[in-house]
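Trainee: Provided herewith is a single structure, encoded as C-alpha cells, for subsequent inquiry.
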Protein chains: 2
Amino acid sequence: MDNDTRHIFFSFFNEIGILAQLSRAAMEARLPKGLTLPHFSVINHLIRVRDGQTPLTLAKAFQVPKTTMTHTLNGLLDHGFVEMRPNPEDGRSKTVWLTDPGRRFREDAIRSIDPEIADLQKAIPAERVAALLPALAEIRVFMDAYRD
Amino acid sequence: MDNDTRHIFFSFFNEIGILAQLSRAAMEARLPKGLTLPHFSVINHLIRVRDGQTPLTLAKAFQVPKTTMTHTLNGLLDHGFVEMRPNPEDGRSKTVWLTDPGRRFREDAIRSIDPEIADLQKAIPAERVAALLPALAEIRVFMDAYRD
DNA sequence: ACTATATAGTTCGATATCGTACCAATAAGG
DNA sequence: CCTTATTGGTACGATATCGAACTATATAGT
C-alpha cells in the first residue's frame, strides 16, 4: 500500500482518537463526580430514541461489549437514574427505563455543557460539523459491518 | 441553545466516540497479545516525526495524561521496542529511542492491517477521508486550546 | 417432547486509564 | 547564592473497559 494513502487513514484515526479523548474529558469535567460520558450518553440515548430498550440493544448502539454496558447500567441504577423491568417478550432479558432523577441528570448535564458547545460553535459553525456527519456515519457503518 | 444545533454536536461526538472504539478494536485484533493501539501509535509517531522525544512531548502529542504515557512506555520497554536515554538538556527528563525490534513491530503491524485499510479504501476513497482531515484538525486544535 | 444450539445477562479477573501525591531537577526572584 | 515556584517523571489507588466463563432462557432440528 502507498505510504501516503496509509498515512491519510492513520491520520484520520489518530484525529478521531484524540477528539474522542478531548470530548470525553471535556464532558466529564462537567458531570458530577463518579459519572462518566457513557452514563450521560446512555441516558441521552434513552431520551432521544426511547426508553424500554434492552441492555444488549444499548450495547450494540454504542458498539461496546455487553459486559461494559452491564457496568454502565449498574452505575446508573446506583444513582437511581434508570430502572430495570423484565422484558415481557423474553424471559432472559430486561428493559431499561428512565426515572425522573435520570431526566433531571440529563437536563443538568446539558445545561452545564451548553456554554462550551456555544463557544465551539463560534469557532466551527454547526453547519460545518453537520457536513462531516454523513461521511463519518458512512465510515462507521462500513467498519461496523466489516467486523464479521 | 437550539435543540437541533446541540444535537448536531452531540451526534458528531457520538460518531467520533464510536469510530474511536471501532478503530481501536480493529487495530488491536491485529496486534500481538498484550500490545494495544497506544503502543503502536507511539512507535508509529516516533518513526513519522522522529525518535529522541521526551515522554512529556509524547503525552502532549497524544493528548493523554503523562501517567498514561509512562504506562504505555513501560509496556514498550518491556517488549524492548524502545529504550530510554537521559536528556542531555534537562536532568529531570528522558528521551525515547526506537530499537530494531520496535521498527520490526511497526512493520509487522502495518503489514497485517494494510488489507483492512485497503478494503476500507474501496468503500471510502482516501481523497474523501483526506477531505475530512482539515475540519477534524481544526476542531481538535480548538478543543485542545479551550481546555485552559 | 427432546436434545442441541444460540442468546441475554452477569460474574470474575486482567489491564488501561487517569487523578493525586510525591520526588528530583530546573528556573526565577531577591 | 538561597529560597520559592515550576516542571518532568514516577508510584499508587480508584475505576472503566473488556474477554472468558457461567447461568438461565429461548430456539431449532429431529
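Trainee: Per residue and in Å³, how big is the convex hull formed by the alpha-carbon atoms of the stretch A:44-83?
Mentor: Working: hull volume 2.4 nm³, N = 40.
Cα-based convex hull of the stretch A:44-83, divided per residue, equals 60 Å³.
Trainee: Using 11 Å as the cut-off for backbone N distance, which residues of the stretch A:23-57 belong to the label zone defined by a point 7 Å from the Cα of A:Asp100 along Cα→Cβ?
Mentor: none
Trainee: Another question, then. Please report how far the C-alpha centroid of the stretch A:71-137 lies from that of the stretch B:1-50, rounded to the nearest whole angstrom.
Mentor: The two parts, judged by their Cα centres, are 20 Å apart.
Trainee: Averaged over its residues, how many other protein chain Cβ atoms are within 10 Å of peptide B:117-124's Cβ atoms?
Mentor: Other-chain Cβ atoms within 10 Å of each residue's Cβ, averaged: 5.
Trainee: Sticking with this one: Which whole number gives the average count of other chain Cβ atoms within 10 Å of the Cβ atoms across peptide B:137-144?
Mentor: Mean shielding count: 6.
Trainee: If I stretch the segment between B:Ala29 and B:Glu83 completely, what's the gain in nm (0.36 nm per residue apart, minus their alpha carbon distance), one decimal?
Mentor: Taking 0.36 nm per residue and subtracting the Cα distance, the gain is 16.9 nm.
Trainee: Let me ask something additional. Convert 4 °C to kelvin, take the viscosity as 1.567 mPa s, use the Kirkwood radius over C-alpha pairs of the stretch B:66-119 as Rh, and evaluate the Stokes-Einstein diffusion coefficient in µm²/s, rounded to a whole number.
Mentor: So the translational diffusion coefficient is about 101 µm²/s.
Trainee: Going 7 Å from Cα along the Cα-Cβ axis for the label, what nanometre distances separate A:Ala135 from the same residue across the other copies?
Mentor: Once sorted, the set of distances for A:Ala135 reads 0.7 nm.
Trainee: In percent, how large is the relative contact order of chain B, given Cα pairs closer than 8 Å and 6 or more residues apart?
Mentor: 19
Trainee: If I model a spin label as a point 7 Å beyond the Cα along the Cα-Cβ vector, how far apart are those points for A:Ala135 and B:Lys60 in nm?
Mentor: Each label point is offset 7 Å from its Cα along the Cβ direction, giving 2.9 nm.
Trainee: Taking the Cβ of A:Leu46 as the centre, find all other residues whose Cβ is under 14 Å away and add up their charges (Lys, Arg: +1; Asp, Glu: -1).
Mentor: +3
Trainee: Can you list the aspartates and glutamates whose alpha carbon sits under 20 Å from that of A:Lys66, skipping same-chain ones fewer than 8 residues off?
Mentor: A:Asp51, A:Asp78, A:Glu83, A:Glu89, A:Asp90, A:Asp144, A:Asp148, B:Glu15, B:Glu28
Trainee: Give, rounded to the nearest 20 debye, the magnitude of the charge dipole that the stretch A:3-146 has about its Cα centre when Lys and Arg contribute +1 at Cβ and Asp and Glu contribute -1 at Cβ.
Mentor: Working: 18 positive and 17 negative charges, 45 e Å.
With Lys and Arg at +1 and Asp and Glu at -1, about 220 debye.
Trainee: If exposed trypsin sites (Lys or Arg not before Pro) are those in a DSSP loop with at most 11 other Cβ within 10 Å, what is the longest stretch of chain B that has none?
Mentor: So the longest stretch without any such site is B:93-146.
Trainee: Cut-off 10 angstrom, C-alpha nodes, Gaussian network model of chain A. Which of A:Ala20, A:Ala59, A:Ala29 fluctuates the most?
Mentor: Comparing A:Ala20, A:Ala59, A:Ala29 in a Gaussian network model of chain A, the most mobile one is A:Ala20.
Trainee: Ok, one more. Indicate the gyration tensor shape class of the stretch A:3-146 (rounded, prolate or oblate), computed on the Cα atoms with a ≥ b ≥ c the square roots of the eigenvalues: a/c under 1.5 is rounded; otherwise a/b larger than b/c is prolate and the rest oblate.
Mentor: oblate
Trainee: A follow-up question, please. May I ask which residue of chain A has the beta-carbon nearest to the axis carrying chain A onto chain B, and at what distance in whole Å?
Mentor: Residue of A nearest the axis onto B, distance in Å: A:Ala20, 2.
Trainee: Another one. Please give the direction-averaged projected area of the C-alpha convex hull for the protein assembly as shown, in square nanometres with one decimal.
Mentor: So the mean shadow area of the Cα hull is 17.3 nm².
Here, each number is a calculation from the coordinates, and none is a lab measurement. These numbers were taken from a predicted model, which means no experiment stands behind them. Positions of Cβ are generated from backbone atoms using ideal geometry, with glycine treated the same way; all protein chains shown enter the neighbour counts.
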